[in-house]
1. Any chance you could count how many residues in segment 1-43 are surrounded by 13 or more Cβ atoms within 10 Å (Cβ to Cβ) and without any contact (Cβ under 8 Å) to a residue 24 or more places away in the chain?
2. Filter segment 91-137 down to the residues that are in contact with a helix residue (DSSP H, G or I) (Cβ under 8 Å, 6 or more places away or on another chain), assigned to a helix (DSSP H, G or I) and crowded, with 17+ Cβ neighbours inside 10 Å and list them by number.
3. Mind checking which residues of segment 20-40 are under 18 Å from residue 10 (Cβ atoms) and out of contact with any strand residue (DSSP E or B) (no Cβ under 6 Å at 6 or more places or on another chain)?
4. Which residues, taken from segment 35-69, are at pLDDT below 95, more than 16 Å from the chain's Cα centre (by Cα) and within 25 Å of residue 127 (Cβ to Cβ)?
C-alpha cells in the first residue's frame, strides 16, 4: 500500500530529490522535549517513507495552467479567473519544527505546531493541545 506522503513524492517530487529521511529518534526527541506525540498516521509515514521534497514539477504544472488560460482567453480575461492557489511546498524536519516555533514571536498561536508550509509561506499546523493531551491522536490541520 502506498502512503499519502509517498504518493505526493511520486506525483510532484523532482527526480534526483529523494525524500528526506527522518530517524524515529529525532521525532521521539522532539516529542519528549515538547511533551506531545505526533499523530500516529503522520509519524508512521514519516518514519517509513520520509518527508516528500516537492520541487519545481508542481510549480511548473500550475504555471502551465495559468499560461494556458492566458493563451486561450487573453491576458485581461485570464486575470479575471482565480489564480493558482498557494500549494504545499515543504515539510519541516524535527529541527526545523523547533526553529519554526520562533514564529510565535510574530503571532503564531501557542497551541499550533507547524509541520509544513506552502509556496506563500503559510504554515500547516497540528493542534499541539490535542497531541499533548492524547499523544498519537489524530489532529485537525490548520492552514
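1. 1
2. Listed by number, the residues that qualify are 94, 97, 128.
3. To start, the set of residues in segment 20-40 that are under 18 Å from residue 10 (Cβ atoms) comprises 20-21.
Result: 21, single match.
4. Residue satisfying the conditions is 48 alone.
The values are calculated or read from the model by the stated rules, or taken from the named source; none is laboratory data. Every value quoted in this text rests on a predicted model; they were computed, and no experiment measured them. Note that each Cβ is placed from the backbone with ideal geometry, even for glycine, and that neighbours are counted across all protein chains shown.
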